1. Which order do the peptides B:167-179, B:83-95, B:48-60 take when ranked by the mean count of other beta-carbon atoms within 10 Å per residue, highest first?
2. Using a Gaussian network model on chain A with a 10 Å cutoff between Cα atoms, which of A:Ser195, A:Ser30, A:Ser114 fluctuates the most?
3. Using helices alone, what [θ] at 222 nm do you get for chain A, with -39,500 (n - 2.57) per DSSP H run of 4 or more residues, divided over all residues and rounded to the nearest 500?
4. Per-residue mean of other chain beta-carbon atoms within 10 angstrom of the beta-carbon, peptide B:62-69?
5. Compute the separation of the alpha-carbon centres of region A:96-162 and region B:1-40 and state it in Å as a whole number.
6. Once R0 is set to 35 Å, what does the formula 1/(1 + (r/R0)^6) return for the Cβ-Cβ distance between A:Arg226 and A:Leu200, expressed as a FRET efficiency to the nearest 0.05?
7. Can you pull the Rg over Rh of the protein assembly as shown, Cα-only, Kirkwood?
8. Can you tell me which aspartates and glutamates have their Cα less than 13 Å from the Cα of A:Lys176? Leave out same-chain residues fewer than eight positions away.
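The values are calculated or read from the model by the stated rules, or taken from the named source; none is laboratory data. These numbers were taken from a predicted model, which means no experiment stands behind them. Here the Cβ is made from the backbone with ideal geometry for all residues, glycine too, and neighbour counts use every protein chain on show. Quick note on the areas: whole protein, heavy atoms, side chains included, nothing else; ligands and nucleic acids left out. Shrake-Rupley method; radii C 1.70, N 1.55, O 1.52, S 1.80 Å.
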Amino acid sequence: MPSFFENIAELLQRYGMTYLSGAGTTLLISLVGTFFGCVIGFLVGIVQTIPVDKKRDSKFKRVILAVVRAILRAYVEIFRGTPMIVQAVFIYYGARIVFGINMGMWTAAFFIVSINTGAYMAETVRGGIMSIDVGQTEGAKAIGMNHLQTMLYVVLPQTFRVIIPQIGNNYIINIKDTSVLSVISITDLFFAHKSAAGALYTYFESATIVMVIYLTMTLVTSFLLRMLEKKMGGSDHYDLATKDTLALTSGTYNFPDKKKSEVDHK
Amino acid sequence: MSEPILQINHLSKSFGAHEVLKDIDFHVCNGDVTTIIGASGSGKSTLLRCINLLEEPTSGEILYNGSDITAKSVDPASYRAKVGMVFQSFNLFNNMSVLKNCMIGQTKVLKRSKEEAEANAMKFLKHVGMDPYIHAKPAQLSGGMKQRVAIARALAMDPEILLFDEPTSALDPQMVGEVLAVMRDLAKSGMTMLIVTHEMAFARDVSSRVVFMKDGVICEDGAPEQIFGNPKEEATKEFLARFMNN
Ligand SMILES: Nc1ncnc2c1ncn2[C@@H]1O[C@H](COP(=O)(O)OP(=O)(O)OP(=O)(O)O)[C@@H](O)[C@H]1O
Ligand SMILES: [Mg+2]
């Protein structure tokens, strides 16, 4: 066992920077990929849930919508249904050979992770939108909001809140799954492990280091997301607005017999 | 008599093969307080939802100030901005404070300035006694409070007519009174109201007219004294008798 710690020390000493920059690459790609994945997911989810008014919408609009939806549906199924490692090779080399475009491995990496995450997020967002009580939509319609306003001010903010755990989930999956991008020569954390371990023949020790780094990244992410979720939930009490400023100095009020948990009584 | 604000002609609505509204003719004049009563499933909510275009009528016309709002060319959103609706389940926006709930329609739909919207919202929140709670979120309020906010939200849009669909049915008995009190006030102020309710005493006191629905048709329709005191139709008598017994 002493050699275990010695080996770790040596690995850290010689390859510390390699691990760190690998971890940085991993974080960057996952972050960018998750962000654009969410953007794609929201756009696709929104298009998939546009209501069709058979009476008022023109035939042209309905046909266009149906076609766009079919394409988006295919996109979601294709990217959810194939491994990212294959998608990476397919897109990176496909772009070069078929279209003569050299994407560069960074662009390719961002693109692949974004588009892959987008496919998952699209379904998450669609499910999130459908999970919002129809009463919210009807309340918005009843004061004259159109579909876009209803989505923008009422449905999507609530959807976002609901799917934060899923966004976090995707981000964590991305942190782990970017390891497959070494097939297009991305030098992420896993690639760092392969080079370090291969050079010193200390696979177990290097894997230990890398496990710890991955776990640290995912745990910190989970923690930050919890905080965000809590913050979005708003405060669990409210200030009573009163003209009597003296009353306010005595602190904040909880409405005496109603707690957040008992929301609706039917 | 004044020109009707709402005139419904031969309105029918089917869900699949189920005909829920059958050839309804009906009108509401400015300043009227009309209550709709009837057994569960008789189509009261569906009628109200058709009037607000939350349901698409199967046939017939709904004339609002003389023009048919079921026409293809009418934008439902801009029509609904003029017609307020209060739901049984409140339907306040969960992601907004009480104040924001009463402002969002004014700023986004009516394009009022923030200051104007806020002043107007405060006016109506005061009206319903909810001005101390402007910072609260809907989930932090009792049912009666939520419904009073929902009424303020509808009023803040300066609607020409207000529709109520069983506004007190989801409330604990001790909260029914506070909401009915607000509605009584509104009725006195001359607001045009169309109210679906199971509160018979309220219907008798505040309405200028009572409509009794049964199985998708308007069975009887008259002044509250007549409907409650001397109903002509057998079905009305039966319904009221059954209702008074529970
Ligand atoms: N979206 C729908 N799809 C199918 N059937 C519906 C739908 N909405 C209502 N119905 C049916 O229409 C009938 C009338 O319903 P409605 O809600 O209008 O009754 P109501 O008079 O408001 O009853 P309640 O007093 O219980 O609220 C019921 O039989 C109901 O099952
Ligand atoms: Mg009903």
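1. The packing order, highest mean first, is B:83-95, B:48-60, B:167-179.
2. Result for chain A, Cα springs under 10 Å: A:Ser195 fluctuates most.
3. After summing the helix terms and dividing by the residues of chain A, the value is -25000 deg cm²/dmol.
4. That average works out to 0.
5. 40 Å
6. The pair A:Arg226/A:Leu200 has a calculated efficiency of 0.40.
7. On the Cα set of the protein assembly as shown, Rg over Rh gives 1.12.
8. Those aspartates and glutamates meeting the cut-off are A:Asp188.
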